[in-house]
1. Could you check, for region 19-37, whether at least one of its residues is outside any helix (DSSP H, G or I) and touching a strand residue (DSSP E or B) at 6+ places or on another chain (Cβ under 9 Å)?
2. Is it the case that residue 73 is in a helix (DSSP H, G or I) and of a type in the set (Ser, Thr, Tyr)?
3. Could you tell me whether residue 212 is under 23 Å from residue 43 (Cβ atoms), open to solvent by 20 Å² or more (accessible area, probe 1.4 Å) and either at pLDDT below 95 or not in a helix (DSSP H, G or I) (or both)?
4. Exactly one condition in (1) outside any helix (DSSP H, G or I); (2) farther than 19 Å from residue 69 by Cβ is false for residue 277; which is it?
5. Determine which member of the set 274, 270, 311 is β-branched (Val, Ile, Thr) and touching a Ser or Thr at 6+ places or on another chain (Cβ under 6 Å).
6. Considering only residues that are under 17 Å from residue 35 (Cα atoms) and modelled with pLDDT under 85, which ones fall in region 59-75?
7. Filter region 299-309 down to the residues that are open to solvent by less than 40 Å² (accessible area, probe 1.4 Å) and either assigned to a helix (DSSP H, G or I) or modelled with pLDDT of 95 or more (or both) and list them by number.
8. Which of the residues spanning region 159-185 are β-branched (Val, Ile, Thr), touching a residue at least 60 places away in the same chain (Cβ under 8 Å) and either over 19 Å from residue 120 (Cβ atoms) or surrounded by fewer than 15 Cβ atoms within 10 Å (Cβ to Cβ) (or both)?
Amino acid sequence: MRSIFENFAESYLRASSEKLKDHPFASYARNDVVRVVQENIGRPDLKVTGSVGQGNWAEIPWIGIFNPEMTTSATNGIYLVYLFNADLNAVYLCQGQGVTSVKEEFGKAAAGELRRRASLIRSRVPEYATFFDDSDIMLGGRSALAKSYDPAVAYSKRYDLNNIPQDEVLIADLNKAIELYDLLVSRGGTDNLETFNSFVENDNALEIEEKRQYVRHSRIERNTGAAQKVKALLGCTCMGCGLDFQRIYGERGKGYIEAHHLEPLHLLPVGQAVSMNPQTDFAVLCSNCHRMVHRHKPMLMIEELRSLKGVKMLRKAFETKKQ
């Protein structure tokens, strides 16, 4: 980790005065840096990205660490990020959040919304205060994008690139940040529990932790990237009743099905990333079967769903119709 920071401090400003396309430092940031960070964190479930810009060099280069349960892009969601300041004399390890989607939705009010969400993040993981600082970071960027990073940071740790700590310190800090990130994900991220759309009835009777489980389960299932892969691998025929939306609704129903995460809510690990293997961790269900699976605790297993008398009847009817 120390060598990465040394390379940025020594080479980035010079490299950014040259053409970005096919530049060896850009390749280093996008490939070698990613490999080194992945090796140091030992978390194949987390995605690492190194960014020095697209088309033009970034004023604020960054290294992002993403939990796919939340996001795989720096434009939205919550993620860990190393942000280098514009002068390349400091780098911040931050609990950050995507600014692009917030700016698109809130316009001129985006900075205030980012600060509100940063405050919510701190309240969800108060444990941060022992290890990190919640004062404003100073990136010194001039562009609108660079300036928008500042209010998006919930907490951070600053490293002086003229006096970089040893690897043992850097890796310990990063592991602590990942631990807090895992907790944040399991506690709802920036989702508001009072507005979440659950599958269960009488949700006012649920405890906070149960609500968090449902929010998390719903978030896993609506994860766009995972859902697309699930449909590509498992098809679009309901694994419960056998409904094929295209056969019933024609072109309007083509490609429609819902992804269902197979792990029961109560088994979701607190403070740990959840497996997102589209081949083994999901099923595809029609809207009715999906809602029934989740309607009461514990949720139905796929085998239990398929064994219901009415579901068996539907499967038989749809199979007969195919013939």
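1. no
2. No; evaluated as a whole, the condition is false for this residue.
3. For residue 212, the condition - under 23 Å from residue 43 (Cβ atoms), open to solvent by 20 Å² or more (accessible area, probe 1.4 Å) and either at pLDDT below 95 or not in a helix (DSSP H, G or I) (or both) - is met.
4. Failing condition for residue 277: (2).
5. Checking each option against the conditions leaves just 270.
6. Within region 59-75, 72 is the sole residue that qualifies.
7. Selection gives 302, 305.
8. 164, 171, 178
The values are calculated or read from the model by the stated rules, or taken from the named source; none is laboratory data. Everything numeric in this text was worked out from a predicted model, so none of it was measured. We place every Cβ from the backbone using ideal geometry, glycine too, and count neighbours over all the protein chains shown. Just so you know, the surface numbers come from the protein's heavy atoms only, side chains and all, with ligands and any DNA or RNA stripped out. Shrake-Rupley method; radii C 1.70, N 1.55, O 1.52, S 1.80 Å.
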